[in-house]
């Protein structure tokens, strides 16, 4: 079987559940060696064991620059380089227009935006050394339409999308492509408190919550069906592989047509 990432090395942040876990599984199946990161040591270590010798779990928090650098350094040390960075880690934010606090802003910025900026920063030199590669940033349809996330989350995801395009312009001459994926109604643990909370729940409870969520989200797209983590993983595979060689500065919307159901500014 032809593998689309044979010999490639990837770092996937937020790799212990949801989209990150599905992407780690797919990338390894497609021939890549993967450093997957997250805060749940038990689930991360178990996933790495299940994926085999081409997967390593690295415990880190994307709100900490040292952790981001450590994951990329580990990829270089253990697998000999870096070809792909998937800035996937994220989670819900709190705060609304009238009572948002500096603490909520700082938390959101560090979780959703600076984690992407710092991931790109530390990936540049290893990717240049590899002769180029792919950076993929997980954005959201909340960056495109009103009422797809709270106001802070939406603003920060819009910043991620724009930063993606600016970075792709600057890094394109080095053969480094920078793209975003904007998932729509994807059934992942972010809907019940994010991956950190999901990692504290028994697998059986997470499975029950996921099935209920899939049923609810199926009503939110024209198709109608819920998007799955695997759908985003397949989009990431395309952008990471040679098939996406001429795709740069792009925001790939994977939402089953959800954003077409809404006008600019609301439903």
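Tabulated data for the structure shown
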item: Hey, residue 112 in a helix (DSSP H, G or I), closer than 18 Å to residue 163 by Cα and without any contact (Cβ under 8 Å) to a residue 60 or more places away in the chain or not; result: yes
item: Contacts under 7 angstrom Cβ, first residue in the range 32-44 being over 9 Å from residue 17 (Cβ atoms), partner surrounded by fewer than 23 Cβ atoms within 10 Å (Cβ to Cβ) and at pLDDT below 95, 6 or more apart; result: 39/196
item: Count of the range 131-147 residues which are outside any helix (DSSP H, G or I) and buried (at least 18 other Cβ atoms within 10 Å of the Cβ); result: 10
item: Top-ranked residue in the range 101-130 [being out of contact with any helix residue (DSSP H, G or I) (no Cβ under 8 Å at 6 or more places or on another chain) and farther than 21 Å from residue 71 by Cβ; ranked as surrounded by the most Cβ atoms within 10 Å (Cβ to Cβ)]; result: 106
item: Selection count where residues are crowded, with 18+ Cβ neighbours inside 10 Å and out of contact with any helix residue (DSSP H, G or I) (no Cβ under 8 Å at 6 or more places or on another chain), scope the range 218-237; result: 2
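The values are calculated or read from the model by the stated rules, or taken from the named source; none is laboratory data. Predicted, not measured: the structure shown is a model, and the values here were computed from it. Virtual Cβ from ideal backbone geometry, glycine too; neighbours counted across all protein chains shown.
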